[in-house]
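Computed from the coordinates by the stated procedures, all read-outs in this text should not be read as laboratory data. Nothing here was measured: the structure is a model prediction, and the numbers come from that model. FYI the Cβ positions are ideal-geometry reconstructions off the backbone, even for glycines, and counts take in every protein chain you see.
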Amino acid sequence: MAIRRMDHVSVVVDDLRAAVAFFVELGMETAGETTVEGEWLDKVAGLDNVRVTIAMLRTPDGHGHLEVAEFYTPAAISARPKNAPANTLGLRSVMFLVDDIEDTLRRLRPHGAKLIGGIGQYEDRYRLCYVRGPAGIIVALAEQLS
């Protein structure tokens, strides 16, 4: 059997409201929110007494989905180092194609976004940058040129 699609990427945060506001400002749309718990979740997560609120967001084209989760029990733990750099092993960033990289940065700064390096240009194709987003994750932004 082959993969049918990539369904979503999950991000664990310590402030669900702030994280949702960040991604909505980026241009994502809310698709729903729920609190889940129970034996089935404990089994899937490999944890005991899990209680988590999940907000599902989608890109405007409806193809990309991001699950943002805030754990109540057990409490979420921080990765080490807390603000790991881009070359850290494992999932490090989620990238979004945006219309205007400067405007996007301007809108995200009030939501806590911090530019990691600077804005770079790859040939005559893209302008790119990394920002530190909710819970320290790296959010990559790309603006396609011409």
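For the chain, give me the percentage of DSSP beta bridges that are antiparallel, rounded to the nearest 5 percent.
Values: 28 of 38 bridges.
Bridges in the chain are about 75 percent antiparallel.
So what is the calculated 222 nm ellipticity per residue for the chain, using -39500 (n - 2.57) for each DSSP H run with n of 4 or more, over all residues, to the nearest 500 deg cm²/dmol? It would help to have the intermediate numbers written out before the result.
Working: 3 runs with 26 residues, N = 146.
-5000 deg cm²/dmol, from helical runs alone.
Could you pull the Rg and Dmax for the range 9-73, using just the Cα atoms, both in Å?
Just the Cα atoms of the range 9-73 yield Rg and Dmax of 12.5, 37 Å.
Just need the relative contact order of the range 93-144 here, percent rounded to a whole number, with Cα pairs under 8 Å and 6+ apart. Can you show the working numbers first?
Numbers: 89 pairs, mean separation 23.4, N = 52.
About 45 percent, as a whole number.
Compute the relative contact order of the chain as a whole-number percentage, counting only Cα pairs closer than 8 Å that sit 6 or more residues apart in sequence. Walk me through the intermediate numbers first.
Values: 250 pairs, mean separation 32.1, N = 146.
It comes to 22 percent, rounded to a whole number.
In whole angstrom, how long is each semi-axis of the equivalent ellipsoid of the range 29-105, when you take the square root of 5 times every eigenvalue of its Cα gyration tensor and sort them from largest down?
28, 20, 10
Could you work out how far helix 16-26 tilts from the main Cα principal axis of the chain, as a 0 to 90 degree angle to the nearest 10?
That helix lies at roughly 30 degrees to the long axis.
Can you give the local net charge around LEU97? Use residues other than it whose beta-carbon is closer than 12 angstrom to its beta-carbon, Lys and Arg +1, Asp and Glu -1. Walk me through the intermediate numbers first.
Values: positive: ARG125, ARG127; negative: ASP61, ASP99, ASP100, GLU143.
Neighbourhood net charge equals -2.
Taking 0.36 nm per residue of separation and subtracting the Cα-Cα distance, what length does fully extending ASP48 through LYS114 add? Write out the running numbers ahead of the final one.
Working: separation 66, 0.36 × 66 = 23.76 nm, distance 3.48 nm.
Between ASP48 and LYS114, full extension yields an extra 20.3 nm.
Considering amide H positions built from the backbone, and no H for Pro or chain starts, which residues 5 or more places from SER10, or on another chain, come under 5 Å of its amide H?
Distant-sequence amide H within range of SER10: GLU67.
If a paramagnetic tag sat 7 Å from the Cα of ASP99 along the Cα-Cβ line, which residues of the range 37-73 would have the backbone N under 15 Å from that point?
Under cut-off, by backbone N: 60-61.
Just to check, using Stokes-Einstein with a Kirkwood Rh over alpha carbon pairs, what's the diffusion coefficient of the range 93-144 at 10 °C and 1.306 mPa s in µm²/s? Don't skip to the answer; put the middle values down first.
On the way: Rh = 10.9 Å.
Rounded, D is 146 µm²/s.
When DSSP beta bridges are limited to those with both residues in the range 93-144, what percentage is antiparallel, rounded to the nearest 5? Kindly include the intermediate steps, with their values, before the conclusion.
Working: 12 of 18 bridges.
The antiparallel fraction comes to roughly 65 percent.
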